[in-house]
Amino acid sequence: MLTLDSVWKSAPDQSQTSILQDCTYTFEAERIYAILGTSGVGKTILLRTLNNLAPIDQGRILLRDRDIAVLHPVEVRRSVSILFQTPAFVGTTVAENLAFARRFSRRIEVDFTALLERVHLDSSFLDRPVANLSVGQQQRVCLARTLATQPEVLLLDEPTSALDDNTAGHILELVREINDREKLLTIFVTHRRSHARKLGQVILELADGKLKELS
Ligand SMILES: Nc1ncnc2c1ncn2[C@@H]1O[C@H](COP(=O)(O)OP(=O)(O)OP(=O)(O)O)[C@@H](O)[C@H]1O
Ligand SMILES: [Mg+2]
């Protein structure tokens with residue numbers, strides 16, 4: 001489904017050995033992968049390469065056998081959605097934030113209420129300023145926005161690191177529920193082994209420029 005084929009990627013500051021060194025790995029459709037790795041090893045950059053936000057130096061990344069480097073960037077962003085560590089916003093209200101996703105969506109209309117339902121928020125949130133929401137609610141809104149483009153792949157970069165254990169647990173449950181229902185390939189970066197075990201069907205470690213299966 002999503003394949004790294006002999007990928008090389010240097011660190012942006014060039015100061016260390018490459019983040020990816022001849023890395024080959026295939027992520028199968030519909031599964032949940034958890035990626036562990038020490039801080040600074042390149043987990044965030046790996047995710048950014050997977051939707052072509054960060055170009056690779058050598059090799060290929062294939063999305064359903066198509067090289068993402070030659071696909072239209074909007075098509076790649078639409079198909080491969082990313083949720084960052086801390087909530088990032090592009091408008092004042094929840095509705096404005098969800099509307100932003102229309103830029104990448106094949107559909108002309110996005111059903112905001114249905115999107116919020118998928119992250120267990122009701123439509124009364126639509127007119128609320130995102131700045132006034134709790135961080136857990138903000139992360140749900142961001143998750144809803146990533147789903148608005150009907151992606152095939154969901155990339156999650158430590159989506160719970162800004163949250164307390166309880167709220168983090170809810171977000172992980174939500175991700176599992178979304179994966180079950182929508183059959184998205186889900187790739188989840190975390191530094192917490194307990195979260196990796198809780199959510200990951202396959203647990204990987206990024207080390208020495210390669211992805212290795214731990215389970
Ligand atoms: N914009 C940038 N400019 C220069 N160097 C960068 C930039 N972004 C990341 N790096 C460097 O690239 C390396 C990998 O960074 P990355 O953010 O991918 O690590 P990480 O595994 O996600 O770490 P963490 O677990 O702390 O989030 C680090 O050495 C980092 O300092
Ligand atoms: Mg990171």
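None of the figures in this text is laboratory data; all of them are computed from the coordinates on show. Remember, predicted model here, so these are calculated numbers, not experimental data. Please note: Cβ atoms are built from the backbone with ideal geometry, for glycine as well, and neighbour counts cover all protein chains shown.
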Footprinting exposure proxy for 81, 10, 161 (fewest neighbouring C-beta atoms within 10 Å first): 161, 10, 81
Note, ³J(HN,Hα) from phi for the range 130-139, Karplus 6.51, -1.76, 1.60, rounded to Hz, x at Gly and Pro: 4, 4, 8, 8, 5, 4, x, 5, 4, 5
Longest exposed-site-free window of the chain, the sites being trypsin sites (Lys or Arg not before Pro) in a DSSP loop that have at most 14 other C-beta atoms within 10 Å: 108-182
Electrostatic dipole magnitude of the range 89-215 [Cβ: Lys, Arg +1; Asp, Glu -1; Cα centre; debye, to 20]: 240 debye
Structure-based [θ]222 nm, the chain - -39500 (n - 2.57) summed over DSSP H runs of at least 4, per residue, nearest 500: -9000 deg cm²/dmol
Percent antiparallel among DSSP beta bridges (both partners in the chain, rounded to 5): 50 percent
The chain: angle of helix 165-182 to the longest principal axis, Cα-based, in degrees nearest 10: 80 degrees
Selection from 97, 62, 123 lying farthest towards where the dipole of the range 58-153 points positive, charges on Cβ: 62
Excluding exposed DSSP-loop GluC sites (Glu not before Pro) (at most 15 other C-beta within 10 Å), longest clean stretch of the chain: 110-215
Shape of the range 153-194, Cα gyration tensor, a/c cut at 1.5: oblate
Per residue convex hull volume, Cα atoms of the range 117-215, in Å³: 116 Å³
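Give me the net charge of residue 213's neighbourhood, meaning all other residues with Cβ under 13 Å from the Cβ of residue 213; Lys, Arg count +1, Asp, Glu -1.
+1
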Cα-based equivalent ellipsoid, the chain: semi-axes from gyration tensor eigenvalues, Å: 28, 19, 16
